[in-house]
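Since the structure comes first, as structure tokens, the remarks are kept for the end.
What follows is calculated from the coordinates using simple rules that are stated; it is not laboratory data. Everything numeric in this text was worked out from a predicted model, so none of it was measured. All Cβ positions, even for glycine, are placed from backbone atoms using ideal geometry, and neighbour counts span all protein chains on display.
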Amino acid sequence: MKTHVLYGKSEVEVNVPDDSTVIEPQTIDAIDDYTSTIQNVLRNPTGSKPLKELVKSDDIVSIVISDITRPTPNHILVPLLIEELNHVPRENFVIINGTGTHRDQTRDELIQMLGEDIVDSVKIVHNHCNEKESLVKVGHSKYGCDAYLNKEYVESDFKIVTGFIEPHFFAGFSGGPKGIMPGIAGIETIQTFHNAKMIGDPRSTWGNLEDNPVQDMAREVNTMCKPDFMLNVALNKDKKITAAFGGDVFEAHKEGCAYVKEHAMFKCEDRFDVVIASNSGYPLDQNLYQTVKGMSAASKVVKENGNIIMVSECADGFPDHGKFAEIFKMADTPQGILDLIHDPNFSEVDQWQVQKQASIQTFANVYVYSELTDQQLKDSMLNPTSNIEQTIAELEKQYGCKLSIGVMPQGPLTIPYVEDEE
């Protein structure tokens with residue numbers, strides 16, 4: 001059976017046995033007239049007055065967007081927001097790129113994300129989590145840290161957060177409050193949000209919102225300086241809009257998560273010996289750091305001591321910024337990495353993603369088909385593969401039997417689960 005797994009901006013064809021299970025969300029057609037759909041959400045929002053009625057003509061309006069690692073259609077959402085608020089001068093808008101701990105975007109990347117007209121006519125700032133002067137303390141979290149948010153956002157008169165909703169491996173779902181926390185937060189706040197206890201909590205997992213400590217902290221920080229309006233969308237595998245949700249950041253987000261969960265869940269009868277998974281293609285598979293999300297999704301349905309084969313381009317490397325690659329050099333085994341991270345005196349940027357990867361590696365073997373070198377993957381305690389079918393054949397020879405195989409062409413856009421384990 002030929003399957004096509006998302007890889008970068010294209011696909012990789014993988015031949016698997018005919019009795020393999022293809023794990024993917026329901027097929028959802030894109031909305032033909034997304035402009036009307038989004039305008040309707042702005043004018044008939046959930047838990048809020050219509051957007052235009054909320055904004056005065058002299059307000060400074062901040063619009064928080066997702067950075068280039070997310071497929072949020074900013075080039076659609078932002079112009080429609082500005083058009084809806086046509087009584088506000090362009091110079092009164094500020095777009096805040098929610099980079100969290102990620103790098104700034106280049107001008108070309110911003111044009112790709114927003115369009116040249118927006119880039120040339122609207123003020124754009126990047127969140128710099130390490131620059132205290134660009135942040136404002138908005139409160140103290142019950143999770144033990146001060147909450148710092150982007151100064152441009154805090155000081156604006158009207159605050160809008162955009163994003164897209166998909167299953168998330170420790171926040172339950174993306175979008176909504178996560179656009180603010182960690183999108184435009186300070187490093188101290190982000191490190192608490194992503195610390196070993198929070199990430200290691202079994203409630204911090206795919207599709208779970210209500211008793212999830214990560215989601216709870218995101219909501220808590222949002223209440224300290226709440227967005228006045230949220231605009232989120234759901235996307236299909238082609239990154240096209242299938243639904244839009246707007247209004248109150250908590251109510252509208254909850255509505256959107258229910259929609260995504262209904263379409264993303266996939267029941268498996270049992271766990272698999274081998275799970276082949278994409279990282280949803282570009283832009284999520286730009287680097288190994290983001291690829292941990294696909295590994296996590298696959299780990300939900302792989303057998304203990306089984307095998308995950310990640311198909312993720314990683315054209316941007318580890319990436320080069322941050323401490324992701326460096327932390328892997330601090331121990332010799334995945335368990336050694338976990339022991340290091342759980343030391344109360346250990347605190348490094350990106351440790352949360354390393355923790356997730358190492359946890360998966362103590363449970364299953366992980367192979368990666370990518371643009372990374374074999375040495376780069378080995379340095380991350382991963383097994384390189386340049387031929388997926390050959391790797392499967394070698395595993396069958398090693399096990400001495402036919403292996404059960406699951407394929408996740410869309411990667412973490414699906415929430416797979418084994419019914420008896422839920």
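Structural descriptor for the chain: relative contact order 20 percent, calculated from alpha carbon pairs under 8 angstrom and at least 6 residues apart. Only beta bridges with both residues in region 34-263 are counted; by DSSP, about 40 percent of them are antiparallel.
Proximity of backbone amide H atoms, modeled 1.01 Å from N, is registered between Ala364 and Asn305 at under 5 Å, excluding neighbours fewer than 5 places apart on the same chain. This ranking places Met224, Met1 by how few other beta-carbon atoms lie within 10 Å of each, fewest first, which gives Met1, Met224. Beta bridges per DSSP, both residues in the chain: antiparallel share near 30 percent. When the Cα convex hull of region 269-399 is projected onto planes of every orientation, the mean area is 8.1 nm². Ordering of 62-73, 290-301, 333-344 by packing is 290-301, 62-73, 333-344, highest average first (other Cβ atoms within 10 Å, averaged per residue).
When a/c is below 1.5 the answer is rounded, else prolate if a/b is larger than b/c, else oblate, so apply that to region 1-63 with a ≥ b ≥ c taken from the square roots of the Cα gyration tensor eigenvalues. Since a/c reaches 1.5 and a/b is larger than b/c, the shape of region 1-63 is classed as prolate. Across region 87-98, coupling constants 3J(HN,Hα) worked out from phi with the 6.51/-1.76/1.60 Karplus curve, θ = phi - 60°, read 8, 9, x, 4, 5, 8, 8, 9, 9, 10, 7, x Hz, and Gly and Pro carry x.
Against the chain, whose longest principal axis is taken from its Cα atoms, helix 34-43 shows a tilt of about 50°.
Taking Lys and Arg as +1 and Asp and Glu as -1, the other residues whose beta-carbon sits under 14 Å from that of Thr27 total -2. Simple point charges give the picture: +1 on the Cβ of Lys and Arg, -1 on the Cβ of Asp and Glu, and for region 34-263 a dipole about the Cα centre of about 440 debye. Loop-resident trypsin sites (Lys or Arg not before Pro) (DSSP state other than H, G, I, E or B) in region 3-56 with no more than 16 further Cβ atoms inside 10 Å of their Cβ: Lys9, Lys56. Where only DSSP H runs of four or more residues are counted, the chain gives -9000 deg cm²/dmol as its mean residue ellipticity at 222 nm, each run worth -39500 (n - 2.57).
About its Cα centre, the chain has a charge dipole of approximately 520 debye under the convention of +1 per Lys or Arg Cβ and -1 per Asp or Glu Cβ, with nothing else charged. Between region 194-227 and region 248-327, what's the alpha-carbon centroid distance in Å? Rounded to whole Å, the Cα centres lie 18 Å apart. In the calculated pair-distance distribution of region 34-263, the portion above 29 angstrom amounts to 20 percent of the Cα-Cα pairs.
Pairs of Cα atoms nearer than 8 Å and 6+ residues apart set the relative contact order; for region 34-263 it is 23 percent.
Peptide packing: for 311-321, 265-275, 228-238, the average count of neighbouring Cβ atoms within 10 Å per residue gives the ranking 228-238, 311-321, 265-275, highest mean first.
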